[in-house]
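Asks: Sending over a structure as structure tokens; questions will come in a sec.
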Amino acid sequence: MSPTSPRRERHYDTRTPAGPWDAVVIGSGMGGMTTAATLARLGRRVLVLEQHYVPGGFTHTFKRKRWSWDVGVHAVGEVDARSVIGRVLRVLTRDQLQWSSLGGVYDEFHFPDLRIDFPDDKQRFEDNLVAAFPREAGGVAKYLRTVREVSAGMRRYYLSRLLPPGWAGVTDGVIAPDATRLLLTRTRDVLDGLTRDDRLKSVLTAQWGYYGVPPERSSFAIHALVARHFLHGGFYPVGGSARIAEALLATVAAGGGFTRINAEVDEILIEDHRAVGVRLKDGEVIRARRVISAAGALATVTRLLPPEVRAQPWAQSIAALQPSPCHVCLYLGFKGDITKAGASPANKWFYETWSTERPEWDIADPGARAPCLYTSFPSLKDPTHDPGPELLHTGEVVTFVPYEFFRKWADGRWKRRGDEYDAMKRDLTERLRAQFLEHMPALAPMLAFAELSTPVSTEHFTRAPAGAIYGIEPTPERYRNQYLRPRTPVRDLFLSGSDMASVGVMGAFVGGLLSAIAAEPVRALPWLRGASRV
Ligand SMILES: Cc1cc2nc3c(=O)[nH]c(=O)nc-3n(C[C@H](O)[C@H](O)[C@H](O)COP(=O)(O)OP(=O)(O)OC[C@H]3O[C@@H](n4cnc5c(N)ncnc54)[C@H](O)[C@@H]3O)c2cc1C
């Protein structure tokens, strides 16, 4: 929250300047903004279409009274110059986006009888693990080696995914054999081969919430990518996560492009097997040389393709993949010095159990507790936050829930879903608040505001099918799918966003880059080589 921050120039509106457009990008999440900004840097004029009234997808922020929160940016790694993608992001945002470190420890894990910190330094990370599990030093070293090997191989894997679907199956395994093998292997199976200590396995996979699928089902390579992502710590955008869209969309505008909000795409227009534009919900047609859907692969193939293309085998095979789990988030507003009550920029994970086998909160059972609370204090992460005389601060508590419980409200209108929905929200708010305050009781007197978001709120604001937190779930089944790549079988139709690479903000960033490269390989590859060296 920065109530005193200066007004910045807006690069989006509800109206569109006149075409012609080199490309339309559907969706202004991290993936879509990255593709659009990259194409703009390559000299292309791009129109970004966003159904919400603010751009940014999961990077957008919202306000209640005098507090404001981010919805999907708690900790992001690899944003500084030590990482290739951090350097490219800097070029794409033209140095208009700064990141603040969450500190020496970015994640704290509170298990029933163990507290362990994940620090921003590889050696201290290993030392912490060995100090907690002295007999497992060998297993820890082997684990870290495996994580490094996988993530090194991923670059070649992404390269192979740039090829058209026709090459599928042959290329991935040949170009990136190790990464492909470990994408197709479950996390639990790899860990079983590294250590017999079940508690160590739980600690090593304690960050599974960052990719949404517990070790029993997740792809090990994605686990490894996330572990590696944070080896230099976690970061938060200075000024809040809305700064990401401001910076990237300014780059789009600098290239002659624009972003239109309140612009829901109803259908991608395909003529003679070639994407030629889109039709908006209100019937307006916008034509472009290329169409890039960054609305999520599932949403694209189940909602945006014309029926005859939706029925094609490639679209059906993507449609058969599962969305990642959904969540509820309790947004908290505080008045007071929350640092005195234990809050800090580090995220706190409160695990109620050592087991990851039942990852969702069984909310239908009134006595059930959420198995894990992921809590964070955004106002403490932002160095520009001005708490004012009342010491206004924010907190967020996230936990996974079953979508089935909420399905009956999915078609209702925002804020008008009825008394039963409102009562359910009050009940969940109370239960989550009570469980959270058991872990941080000194915050209770400072708590001045609480509002719960549900999976149907997520679905409403981002159109994520089933309120999915991270797009398609990162399991071996996802990586076995040969069509989940930026280039689709339809000419001039490309996919972007986190489904094209890995989960999270920087996963979507990589997905956005891959999509731009697939659309414009001749211009993009030399540009990327230059940008990654800056
Ligand atoms: C609670 C939560 C916490 C998270 N925490 C972290 C974290 O700490 N670190 C991290 O790295 N990641 C985190 N993430 C994940 C991260 O935010 C996402 O993975 C990433 O931002 C996804 O980007 P995307 O571009 O793929 O998709 P999105 O951000 O979902 O963008 C898709 C966009 O398409 C738009 N759209 C959809 N359909 C249409 C249509 N028909 N017409 C026009 N527009 C359309 C949507 O409105 C949306 O703006 C979190 C997510 C959540 C929900």
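Asks: Search segment 425-437 for residues that are under 15 Å from residue 395 (Cα atoms) and pair each with any residue that is of a type outside the set (A, V, I, L, M, F, W, C) and not in a helix (DSSP H, G or I) when their beta-carbon atoms are under 6 Å apart and the residues are at least 6 apart or on different chains.
Replies: 435/369
Asks: Here's another thing I want to ask about it. Quick test for you: out of 230, 235, pick the one residue that is touching a residue at least 60 places away in the same chain (Cβ under 8 Å), surrounded by fewer than 23 Cβ atoms within 10 Å (Cβ to Cβ) and within 13 Å of the ligand (Cβ to nearest atom).
Replies: 230
Asks: Then there's this: Does segment 118-148 hold any residues that are in contact (Cβ under 8 Å) with a residue 60 or more places away in the chain and charged (D, E, K, R), and which are they?
Replies: The answer is 120, 121, 122, 135, 136, 148.
Asks: Going through 42, 102 one at a time, which residue ends up being within 15 Å of the ligand (Cβ to nearest atom) and modelled with pLDDT of 95 or more?
Replies: Selected residue: 102, the only one of 42, 102 that is within 15 Å of the ligand (Cβ to nearest atom) and modelled with pLDDT of 95 or more.
Asks: Tell me, which helices (runs of 4 or more DSSP H) lie completely within segment 109-177 with 3 or more residues that are at pLDDT 85 or above?
Replies: Answer list for segment 109-177: 122-132, 137-161.
Asks: Considering segment 515-534 alone, what residues qualify as being touching a helix residue (DSSP H, G or I) at 6+ places or on another chain (Cβ under 6 Å) and part of a helix (DSSP H, G or I)?
Replies: Scanning segment 515-534 gives 515, 516, 517, 524, 531, 532.
Asks: Same structure, new question: Residue by residue through segment 14-32, note down the ones that are more than 15 Å from the ligand (Cβ to nearest atom) and in a loop (DSSP other than H, G, I, E, B).
Replies: Once the filter is applied, which keeps residues that are more than 15 Å from the ligand (Cβ to nearest atom) and in a loop (DSSP other than H, G, I, E, B), segment 14-32 yields 15, 17, 18, 19, 20.
Asks: How many residues are out of contact with any helix residue (DSSP H, G or I) (no Cβ under 7 Å at 6 or more places or on another chain) and either under 24 Å from residue 38 (Cβ atoms) or of a type in the set (S, T, N, Q) (or both) when one looks only at segment 63-90?
Replies: Going through segment 63-90 one residue at a time, the tally reaches 5.
Asks: Could you pull out every one of the strands (runs of 3 or more DSSP E) wholly within segment 285-364 that has 2 or more residues that are within 15 Å of the ligand (Cβ to nearest atom), of a type in the set (A, V, I, L, M, F, W, C) and surrounded by 20 or more Cβ atoms within 10 Å (Cβ to Cβ)?
Replies: Qualifying strands (runs of 3 or more DSSP E): 285-293, 326-335.
Asks: Give all pairs with beta carbons closer than 8 Å in which a residue from segment 207-223 that is among the acidic types (Asp, Glu) and in a loop (DSSP other than H, G, I, E, B) meets a residue that is at pLDDT 95 or above and surrounded by 24 or more Cβ atoms within 10 Å (Cβ to Cβ); count only pairs at least 6 apart in sequence or on separate chains.
Replies: 216/187
Asks: Go through (1) closer than 30 Å to residue 261 by Cα; (2) acidic (Asp, Glu); (3) out of contact with any Pro (no Cβ under 9 Å at 6 or more places or on another chain); (4) within 16 Å of the ligand (Cβ to nearest atom) for residue 95 and report which single condition fails.
Replies: Only one criterion in (1) closer than 30 Å to residue 261 by Cα; (2) acidic (Asp, Glu); (3) out of contact with any Pro (no Cβ under 9 Å at 6 or more places or on another chain); (4) within 16 Å of the ligand (Cβ to nearest atom) is unmet by residue 95, namely (4).
Asks: Something else: Residues that are within 13 Å of the ligand (Cβ to nearest atom) and under 30 Å from residue 104 (Cα atoms): does segment 246-260 have at least one?
Replies: Yes: segment 246-260 contains one or more residues that are within 13 Å of the ligand (Cβ to nearest atom) and under 30 Å from residue 104 (Cα atoms).
Asks: Anything in segment 262-284 that is in a strand (DSSP E or B) and either within 14 Å of the ligand (Cβ to nearest atom) or more than 19 Å from residue 492 (Cβ to Cβ) (or both)? List them, or say none.
Replies: Of everything in segment 262-284, those that are in a strand (DSSP E or B) and either within 14 Å of the ligand (Cβ to nearest atom) or more than 19 Å from residue 492 (Cβ to Cβ) (or both) turn out to be 265, 266, 267, 268, 269, 277, 278, 279, 280.
Asks: Identify, by number, the condition in (1) modelled with pLDDT of 95 or more; (2) more than 16 Å from the ligand (Cβ to nearest atom); (3) under 22 Å from residue 273 (Cα atoms) that residue 524 doesn't meet.
Replies: Of (1) modelled with pLDDT of 95 or more; (2) more than 16 Å from the ligand (Cβ to nearest atom); (3) under 22 Å from residue 273 (Cα atoms), only one is false for residue 524: (3).
Asks: Could you tell me which of the residues 458, 429 is on the phi < 0 side of the Ramachandran plot, more than 10 Å from the ligand (Cβ to nearest atom) and of a type in the set (Ser, Thr, Tyr)?
Replies: 429
Asks: Turning to a different aspect of this structure: Conditions: (1) assigned to a strand (DSSP E or B); (2) in contact with a Leu (Cβ under 8 Å, 6 or more places away or on another chain); (3) away from the ligand (no atom under 11 Å from the Cβ). Residue 37 meets all but one. Number of the miss?
Replies: Tallying (1) assigned to a strand (DSSP E or B); (2) in contact with a Leu (Cβ under 8 Å, 6 or more places away or on another chain); (3) away from the ligand (no atom under 11 Å from the Cβ), residue 37 fails exactly one: (1).
Asks: Filter segment 229-244 down to the residues that are assigned to a loop (DSSP other than H, G, I, E, B) and hydrophobic (A, V, I, L, M, F, W, C) and list them by number.
Replies: Selection gives 230, 231, 238.
Asks: For the list (1) more than 12 Å from the ligand (Cβ to nearest atom); (2) of a type in the set (A, V, I, L, M); (3) under 19 Å from residue 76 (Cβ atoms), I need the number of the one condition that residue 517 fails.
Replies: Evaluating residue 517 over (1) more than 12 Å from the ligand (Cβ to nearest atom); (2) of a type in the set (A, V, I, L, M); (3) under 19 Å from residue 76 (Cβ atoms) leaves (3) as the failure.
The values are calculated or read from the model by the stated rules, or taken from the named source; none is laboratory data. All values reported here derive from a predicted model rather than from experimental measurement. Cβ: placed from backbone, ideal geometry, glycine included. Neighbour counts: every protein chain shown.
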